[in-house]
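Reading through the structure tokens given below for one structure.
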Amino acid sequence: MSAPTHDAAPTSPSSRPTPRLPRLVVVSAGLAALMVVGGFALLAVVPVALALIGTLQEARLRALRWWAAGLAVAYAVPFALYVLDPDRPASLTKAMHPGFVVLIAAAGVAVILAAVVQRRLHLTSVRPAN
């Protein structure tokens, strides 16, 4: 008995599913920004890492890699300064300069905006011309 064969019909641009926003990356970037602004900067390492790893794993998120790397670097600098300081305060939030808080929050928003723009650009390139 032979296995059934399926003829793959070519997909037209109108029948393709619309690309979704990368939920893990978008939520993680927003959560990292909110956690740093809200005073949970040390715990924000988890969403920052998830945003970076999420963009590195998905080939379709290549355009977001630079934005996620910028968020990771913006977070890594005050984190490294906190870890290397022998007289560090009890929390990263207290040790972090307010400029870094603004930079990390802006980088998180930039990742979200880049994901939205990438999706819209992809949607306009997929739609057939009428």
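Since every read-out is calculated from the coordinates, none of them should be taken as a lab result. Values in this document were obtained by computation on a predicted structure and should not be read as measured data.
Subtract the Cα-Cα distance of A63 and A106 from 0.36 nm times their separation in residues, and report this length gain in nm to one decimal.
Gain on extension, A63 to A106, equals 13.7 nm.
What percent do you get for the relative contact order of region 23-126 when only Cα pairs under 8 Å and 6+ apart count?
36
Amide H to amide H under 5 Å from A41: which residues, 5+ apart in sequence or cross-chain, H placed 1.01 Å off N in plane?
HN-HN under 5 Å from A41: T93.
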